[in-house]
1. Identify, from the list V118, V131, V74, the residue that is surrounded by 14 or more Cβ atoms within 10 Å (Cβ to Cβ), within 9 Å of ligand 1 (Cβ to nearest atom) and not small (G, A, S).
2. Do we find a residue being within 20 Å of T217 (Cα to Cα) and out of contact with any strand residue (DSSP E or B) (no Cβ under 8 Å at 6 or more places or on another chain) anywhere in the range 44-58?
3. Which one of these is closer than 11 Å to G67 by Cβ and within 16 Å of ligand 1 (Cβ to nearest atom): R200, R189?
4. Scan the range 169-183 residue by residue and report those that are out of contact with any helix residue (DSSP H, G or I) (no Cβ under 9 Å at 6 or more places or on another chain) and assigned to a helix (DSSP H, G or I).
5. Scanning for something more than 16 Å from ligand 2 (Cβ to nearest atom), within 25 Å of V77 (Cβ to Cβ) and open to solvent by less than 20 Å² (accessible area, probe 1.4 Å), does the range 202-210 turn up at least one residue?
6. Does A213 fit the bill of being at pLDDT 95 or above, under 15 Å from L14 (Cβ atoms) and either within 16 Å of ligand 2 (Cβ to nearest atom) or not in a loop (DSSP other than H, G, I, E, B) (or both)?
7. I want to confirm something. Restricting to the range 122-141 and keeping residues that are in a helix (DSSP H, G or I) and over 14 Å from I107 (Cβ atoms), which single residue is farthest from ligand 2 (Cβ to nearest atom)?
8. Tell me, yes or no, whether the range 78-87 has at least one residue that is within 10 Å of ligand 1 (Cβ to nearest atom) and either open to solvent by less than 40 Å² (accessible area, probe 1.4 Å) or within 25 Å of I227 (Cα to Cα) (or both).
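The values are calculated or read from the model by the stated rules, or taken from the named source; none is laboratory data. The shown structure was predicted, so the numbers you read here are calculated from the model rather than taken from an experiment. Backbone-built Cβ (ideal geometry, glycine too); neighbour counts: all protein chains shown. These area figures cover heavy atoms from the full protein model, side chains too; ligands, DNA and RNA do not enter into them. Shrake-Rupley method; radii C 1.70, N 1.55, O 1.52, S 1.80 Å.
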Amino acid sequence: MDRYRIEPGKKFKLSDYSPDDLGDFEGKKQKGNEKLAEYRAEIDRLQELLYCEHKHRLLVVFQAMDGGGKDGTVRAVFDGVNPQGVRVTSFKVPTEIELDHDYLWRIHAQTPGKGEIVVFNRSHYEDVLVVRVHNLVPKEVWKKRYKQINDFEQQLAEEGTTILKFFLNISLDEQKERMLERLEMPEKRWKFNPGDLDERKLWPEYMSAFEDAIEKTSTKWAPWYVIPANRNWYRNLVVASVIADTMRSWKMQYPDPQIDVELYKKQLMES
Ligand code: AMP
Ligand code: MG
């Protein structure tokens, strides 16, 4: 699944990445779902090790257009993981207090501690996406943020945080389908936000902003993955595989406290 990782320092064109791509799983949806179940079980096992070992920190960032599937991916990938082991943070329009601080203030406060997995549903990238598209701050301000974000993420990485960033890449047509579904299905209607239609009109501006953000901030310490997201099952599979591969590569071990097991067993039996 490395093919979806964006190489640092290279020119990046979104048009090279098809939202419909199914990689080696073309026509293999069932196999894809079986693999997903395996990765989920593995992530669950690795999460327990992560907690016990208390050494690594994992930060997973999701960004996408409306309807891109951020919520669905979180649900599908972390389904089955101990709910005590994963914390999900959604970043909304900043509050007055948040706006009084620098844009990374609220972000830093939510980063994972040792042994933790934290998932960001939206993130500091909103500050170079929606903020840029809507001119919420002048260009002189947002254009400095790419470097600031890289420095911030590098600091987190040097202190032991592994950062994985996923852009869920849907097409304009697929977004229309999903918005229609939100209007038509009573159980999805609550998700429809009329404001999303205004954002949809700004699709080209958003794509340029994503392209720039991904090109400028895919680093070796915090890479971006551009995930084909028109098919939910394949999107879930790719994201789960990247997370499982990353956690597996740490070769975590259960800590082995140097205690006299026999002695404590004896004491326990006699108690
Ligand atoms: P949702 O994720 O659908 O609940 O919507 C959250 C909304 O908050 C989206 O419209 C985001 O663009 C917006 N948002 C998140 N972060 C920021 C930010 N830093 N500045 C402005 N709007 C933001
Ligand atoms: Mg929304």
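1. None of the other options fit; the residue is V131.
2. no
3. Of the residues listed, the single one that is closer than 11 Å to G67 by Cβ and within 16 Å of ligand 1 (Cβ to nearest atom) is R200.
4. Within the range 169-183, D173, E174, E177, R178, L180, E181 meet the criteria.
5. yes
6. Numbers: at pLDDT 95 or above: yes; under 15 Å from L14 (Cβ atoms): yes; either within 16 Å of ligand 2 (Cβ to nearest atom) or not in a loop (DSSP other than H, G, I, E, B) (or both): yes.
When the stated conditions are applied, A213 passes them.
7. Residue satisfying both the conditions and the ranking: E140.
8. Within the range 78-87 (the criterion being within 10 Å of ligand 1 (Cβ to nearest atom) and either open to solvent by less than 40 Å² (accessible area, probe 1.4 Å) or within 25 Å of I227 (Cα to Cα) (or both)), the answer is no, since none of the residues qualifies.
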